[in-house]
Amino acid sequence: AMKAFRAVVDKFPEQKEIVKKAKEMLAGIESDPDSHSSTLETGATLETMRPVSIAILGFDGADPEITRAMPELMTSRLSGARLIKLVDRKKISQVLDELSLSMSGHVDSASAIKIGRMIGAQVMLTGSVIKLGEHRIINARLINVETTQVKAVEARGNVDEDILLLVDVLSDKVLNLL
């Protein structure tokens, strides 16, 4: 795991501040691995925590190519996280068909909660891709099915930047919210 972390850190030297902090963390862990356990602030360990089930819905936006790709890109990025259990996209599609909704496009919070309850998801993830002049903003909304609380994160970049880098940033922000 440490080798993989170092490889990722070394891959993005242009992100100087983030790389600097990550290398400091890595040096501390490598110098004293026993002092960095998997205990979270709550006192629970990663081994005792249950995964959160997340269903990824469609994204809104003016660029159909990007909005169609976003759920799959987010699924790919989030699928490896230890504390996340993704709901199968086919199962989501079946429920959306029953409700006469589309996998892509706008789903309001009330519909997302209804869908989440039907498929057994704890959190519904949806979002939008916005182009403002030379800027691209990707928003993700996480809707807690039980409490109906909505949390949002965004990733910003220039329209000529690789969209995959923005998806990586957005995925990291989503993981930090959970």
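Return the residue satisfying two criteria in turn: it lies in segment 108-154 and is in a loop (DSSP other than H, G, I, E, B) and more than 19 Å from Leu83 (Cβ to Cβ), and of such residues it is most open to solvent (accessible area, probe 1.4 Å).
This residue is Glu134.
Would you tally the residues in segment 74-84 being in contact (Cβ under 8 Å) with a residue 60 or more places away in the chain, open to solvent by 40 Å² or more (accessible area, probe 1.4 Å) and part of a helix (DSSP H, G or I)?
Final tally of qualifying residues: 1.
The values are calculated or read from the model by the stated rules, or taken from the named source; none is laboratory data. Worth saying up front: this structure is predicted, and the values here are computed from it rather than measured. Counting neighbours? That spans all protein chains shown, and the Cβs are built from the backbone with ideal geometry, glycine included. When the accessible area is computed, the model is the full protein with side chains, heavy atoms only, and any ligands, DNA or RNA have been set aside. Shrake-Rupley method; radii C 1.70, N 1.55, O 1.52, S 1.80 Å.
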